[in-house]
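Participant: Once you've had a glance at the structure underneath, I'll fire off some questions.
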Amino acid sequence: MKLHALLCLFAMSLPLQAADDPVGTGETIVAGLSQNLVAITANFTGSEILIYGAVRREVPIPSGSPLQVIATVQGPSGPLTVRRKERRFGIWMNVDSVTIGRAPSFYAIASSAPLSEALSATEDLRHQITIPSAIRAVGTAAEAADAPVFLDALIRIRKENLDYSLAESSVDLLQSTLFRADVALPANLVEGEYKVRLFITRDGNVVDKHEEIITVNKDGFERWIHNLAHEQPLIYGLLSLVLAVAAGWGASAAFGLLRR
């Protein structure tokens, strides 16, 4: 009951903004976020984003398959090279590599049902919702015959580092109208804009979608150091040298006192 009341209050406070209904069912998303700005500070250990909303209807709830909700959070994307190491002549060395055209630095999916039930392969291809679909790996087959192995390795490693996650059946959906999803953001976030996408589906087809943006920035002393390194590299280098000398002198003095 507490969750139901909380979501009801959320729905009443949401701005009346919704995307156009792409399939004409009269169901559109009205949604919001618990925060649109995440500040990375010295003691930042991660954060959690609450995605909440409701389904606005102009007609009664359609009969048949139940409504499902899918939420994704995608961090800044960029190209990267995935390498495979093998032990040769007693040492480990890179033997093959594949260049991925675009891979999100962070990608999380939360859904109200298993994706196999909530999303068809055609809609996944159109909207690039699942983790493999969000990674642009076109042309990798020309670099290595077993290119899919490199893609699977990338996904596996980033899942282990909590950069990629899939939480099926984790979205709370009440009476096919009110919903909420909690997405954990790890401590190793990359600065930039994180795109939040919401989809409602029936029979695996996307009924409506909605987007929000979360901005992740360094704050405080970390931001000052970052800006100094990129905007004043000479001063940053000199300051680093002074700090290194001071640290060395301080360590030497401390050891000298301990010997007495």
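Participant: Report the Stokes-Einstein translational diffusion coefficient (µm² s⁻¹, integer) for region 68-216, Rh taken as the Kirkwood radius over Cα pairs, at 37 °C with viscosity 0.692 mPa s. If you can, show how the numbers build up before the last one.
Facilitator: On the way: Rh = 16.7 Å.
The calculation lands on 197 µm²/s.
Participant: Grab the beta carbon distance between Ser170 and Arg88, set R0 = 41 Å, and tell me the FRET efficiency rounded to 0.05.
Facilitator: Numbers: r = 44 Å, r/R0 = 1.07.
It comes to 0.40.
Participant: Normalised radius of gyration for region 45-130, please: alpha carbon Rg relative to 2.2 N^0.38 Å, two decimal places. Mind showing how you got there, number by number?
Facilitator: Numbers: Rg = 20.2 Å, N = 86, 2.2 N^0.38 = 12.0 Å.
Ratio of Rg to 2.2 N^0.38 Å for region 45-130: 1.69.
Participant: Between Glu211 and Asn161, what is the label-to-label distance in nm when each label sits 7 Å out along the Cα-to-Cβ direction?
Facilitator: 2.6
Participant: If you don't mind, there's one more thing I want to ask. Tally Lys and Arg at +1 and Asp and Glu at -1 over the other residues with C-beta under 10 Å from the C-beta of Gly204: what net charge comes out?
Facilitator: Local charge sum for Gly204: -3.
Participant: Can you give the FRET efficiency for Ala244 and Thr41, using 1/(1 + (r/R0)^6), R0 = 30 Å, r = Cβ-Cβ distance, to the nearest 0.05? Walk me through the numbers on the way to the answer.
Facilitator: Details: r = 24 Å, r/R0 = 0.81.
It comes to 0.80.
Participant: Continuing with the same structure: Stretched out fully, how many nm does the piece from Ala184 to Val149 gain, at 0.36 nm a residue minus the Cα gap? Each step should come with its number before you reach the end.
Facilitator: Numbers: separation 35, 0.36 × 35 = 12.60 nm, distance 2.76 nm.
Value of the extension gain: 9.8 nm.
Just so you know, all these numbers are worked out from the coordinates, no wet-lab data involved. What you are looking at is a predicted structure, and each value in this text was computed from that prediction instead of being measured. We place every Cβ from the backbone using ideal geometry, glycine too, and count neighbours over all the protein chains shown.
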